[in-house]
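Single-structure report; data block below.
Just so you know, all these numbers are worked out from the coordinates, no wet-lab data involved. These figures come from a predicted structure and were not determined experimentally. With ideal geometry, Cβ positions are generated from the backbone for all residues, glycine too; neighbour counts draw on all protein chains shown.
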């Protein structure tokens, strides 16, 4: 039986989320609220109706047809309280200023979309990567997809923040081929301050995932002023070396590619503009990882 889930987008021909040519499925929902998040369209608790102020001409066709009697799509409190994503405003907008940033899909619909890319997986050694948000947030939806591709012999990977009940997810991870997992910061207080959640369960789950003997890469989003000290990176590398077989780390420099999504969703209070780390700083941090006996890996 096909299960319904909320999909942010299905991204084809991705080369940053694992080996070969991949199709990445971004799922809605995440327990964290990282200040540097580039995918606020995956957050829970907000209506994913995006509105562009630059495109809007103020004709009010959208609100004139709104069944929920919303008087302004720029009033996010109204939108989050009343909007049911019926799509009437999108149909009436002549400027393409309104869009829906998530879509309810069945697992059968997702599979049908991805099956178009099987030939590219086979020719490049690629496959499917599940991302988000946090993919395990929609566990039953994820489980059905992972099991399907496992039976088909398609290489699967996951990008996870590792904040979940491991025992409930264990069977899913056993079917995956590769795990990308983030370590944001080894300091618990800083982790709480910048993500809203302790890192203790995350670190414990990394240890548990490592026991599955899967291919695993630890990713560190390098955020200046938060986790870019040599001390933190060395502590991270030492943890990975002690707890993960064939330890590998990928350092990901902070970028500001998600800013337009924040603006479109009216999330101005959540916008934090960190500095982008320099190439020199990234090289310094990569060398610190290598000096701890951990391999530095890059997917580009």
Computed over the chain: relative contact order in percent, which uses C-alpha pairs under 8 Å that are six or more apart:
21
Kindly express, to the nearest 10 degrees and within the range 0 to 90, the angle between helix 139-152's C-alpha long axis and the longest C-alpha principal axis of the chain.
60
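Before anything else, pin down the relative contact order of the stretch 49-100: Cα pairs under 8 Å, at least 6 apart, normalised by residue count, whole percent. Don't skip to the end; give the middle numbers.
Details: 56 pairs, mean separation 27.3, N = 52.
Once normalised by length, the contact order is 53 percent.
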With all pairs of different alpha carbon atoms counted, what Kirkwood hydrodynamic radius in Å does the stretch 232-300 show?
14.0
What order, most packed first, do the peptides 161-172, 131-142 have when packing is the mean number of other Cβ atoms within 10 Å of each residue?
131-142, 161-172
Along its three principal axes, how long is the chain when you only count alpha carbons? Whole Å, largest extent first please.
63, 45, 34
How would you order 89-96, 150-157 from highest to lowest mean count of nearby Cβ atoms within 10 Å?
150-157, 89-96
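Taking only C-alpha pairs under 8 Å that are 6+ residues apart, what is the relative contact order of the stretch 147-218 in percent?
Values: 85 pairs, mean separation 25.2, N = 72.
The normalised contact order for the stretch 147-218 reaches 35 percent.
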Whole-number D in µm²/s for the stretch 49-100 (Stokes-Einstein; Kirkwood sum over Cα pairs; 10 °C, 1.306 mPa s)
147
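Distances over 25 Å make up what percent of all Cα-Cα pairs in the stretch 34-176? Show your work: numbers first, answer last.
Values: 4623 of 10153 pairs.
Cα-Cα pairs in the stretch 34-176 separated by more than 25 Å: 46 percent.
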So how tilted is helix 166-175 from the main axis of the chain? Cα-based, degrees 0 to 90, rounded to 10.
80
Alpha carbon centroid spacing (whole Å) that separates the stretch 118-152 from the stretch 184-226:
23
Along its principal axes, what span do the Cα atoms of the stretch 184-278 show, with the longest given first and each in whole Å?
42, 26, 25
Relative to the present Cα-Cα distance, how much length would full extension add between residue 122 and residue 174 at 0.36 nm per residue of separation?
16.5 nm
Cut-off 12 Å, label 7 Å out along Cα→Cβ of residue 54, residues of the stretch 258-275 by amide N:
259-261, 263-264
Report, in degrees rounded to the nearest 10, the 0 to 90 angle that the Cα long axis of helix 200-210 makes with the longest principal axis of the chain.
60
